[in-house]
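Worksheet: one structure, shown below.
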Amino acid sequence: MAEYHLTAPLKDEDVTKLKLGDIVYISGECFTCRSRLQKYIFDEGNSLPFDTKNRNILIHNGPIVVKENGKWRLVSFMPTSSIRFEKWGAKSVENWNLKMIVGKTTMGKETAEMMKEKKCVHVSPQSVSPNLWIDSIEVQNVYLFDELGSIEAAWHFKLNDLGPFIVDIDTDGNNLFDKMDKEIEERKIKALEKLGIEPDYEYTKLY
């Protein structure tokens, strides 16, 4: 397991060296999105109102941001579960030229295949306290605030060594959680054998 400190915009060589389980810290410009933004763009046919060429890190996140004295202030930040956005994952990677998606858990097979083709990775946060990260994030701008609302809008952040994150999908399409699930299932079988429980047993139905 290696540790990397990367700065956006990311290049192919930045992400192809990342392997499953590596730890990553991120600097540079990024943008956020949740389901409403992706629906607005991909399902409803609207255009993304900014260029992602130099902002090729996407964070699945609905931050809490307030305006004070004419300036935006970040109140709370934590990436949300990426698997909820699998419907648009491959399109996001391809159309927005992404090199990294940040989000909790992981993403599905279709997105992983597109990540392999386009050289993109998925990373998950290694933190349980989102407010520890606020000092590493500068709010730069917001797009589609009126159309989508504060939580679902596309926020532009500038990051300063934000992390740690763990690589869970690499540019070869490998998935850390698939590997973990396989290991868990193997250990489960051994545990059942040790306890004398048949592998095809059913859980008790409470209702």
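The values are calculated or read from the model by the stated rules, or taken from the named source; none is laboratory data. Here the structure is a predicted model, which means the values were calculated and not measured. Cβ: placed from backbone, ideal geometry, glycine included. Neighbour counts: every protein chain shown.
Overview of results
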{"quantity": "Every residue from the stretch 105-142 that is in a strand (DSSP E or B) and surrounded by 16 or more Cβ atoms within 10 Å (Cβ to Cβ)", "calculated": "Val121, His122, Val123, Ser124, Pro125, Ile137, Val139, Val142"}
{"quantity": "Pick from the stretch 21-52, criterion out of contact with any His (no Cβ under 9 Å at 6 or more places or on another chain) and charged (D, E, K, R), ranking: nearest to Asn95 (Cα to Cα)", "calculated": "Asp51"}
{"quantity": "The lone exception for Asn46 - which of (1) more than 19 Å from Ile101 (Cβ to Cβ); (2) assigned to a strand (DSSP E or B); (3) in contact with a helix residue (DSSP H, G or I) (Cβ under 7 Å, 6 or more places away or on another chain); (4) not small (Gly, Ala, Ser) it fails", "calculated": "(2)"}
{"quantity": "Filter result (within 20 Å of Met78 (Cβ to Cβ) and part of a strand (DSSP E or B)) within the stretch 165-183", "calculated": "Phe165, Ile166, Val167, Asp168, Ile169"}
{"quantity": "Every pair of residues 6+ apart whose Cβ atoms lie under 6 Å, when the first sits in the stretch 111-124 and is in contact (Cβ under 8 Å) with a residue 40 or more places away in the chain and closer than 22 Å to Ala2 by Cβ while the second is in a helix (DSSP H, G or I) and of a type in the set (D, E, K, R)", "calculated": "Lys119/Asp12"}
{"quantity": "Check on Lys67, of a type in the set (Lys, Arg) and in contact with a Phe, Trp or Tyr (Cβ under 9 Å, 6 or more places away or on another chain)", "calculated": "no"}
{"quantity": "Lys99 vs. criteria basic (Lys, Arg), surrounded by fewer than 15 Cβ atoms within 10 Å (Cβ to Cβ) and out of contact with any Gly (no Cβ under 9 Å at 6 or more places or on another chain)", "calculated": "no"}
{"quantity": "Identity of the residue in the stretch 50-92, in a strand (DSSP E or B) and closer than 30 Å to Gly173 by Cα, that ends up farthest from the chain's Cα centre (by Cα)", "calculated": "Ile57"}
{"quantity": "Breaking point among (1) over 27 Å from Val75 (Cβ atoms); (2) of a type outside the set (A, V, I, L, M); (3) surrounded by 11 or more Cβ atoms within 10 Å (Cβ to Cβ); (4) touching a Lys or Arg at 6+ places or on another chain (Cβ under 9 Å), for Glu152", "calculated": "(1)"}
{"quantity": "Some residue of the stretch 50-57 being of a type in the set (A, V, I, L, M, F, W, C), crowded, with 23+ Cβ neighbours inside 10 Å and farther than 20 Å from Ala8 by Cα", "calculated": "no"}
{"quantity": "Residues being free of Cβ contacts under 8 Å to residues at least 60 places away in the same chain, touching a helix residue (DSSP H, G or I) at 6+ places or on another chain (Cβ under 8 Å) and more than 12 Å from Met107 (Cα to Cα) - total across the stretch 76-91", "calculated": "3"}
{"quantity": "Given (1) over 19 Å from Glu94 (Cα atoms); (2) in contact (Cβ under 8 Å) with a residue 24 or more places away in the chain, index of the condition Lys17 fails", "calculated": "(2)"}
{"quantity": "Residue match in the stretch 48-64 (condition: out of contact with any Pro (no Cβ under 6 Å at 6 or more places or on another chain) and among the hydroxyl-bearing types (Ser, Thr, Tyr))", "calculated": "yes"}
{"quantity": "Scan of the stretch 172-207 for residues that are modelled with pLDDT of 80 or more and among the β-branched types (Val, Ile, Thr), ordered by number", "calculated": "Ile197"}
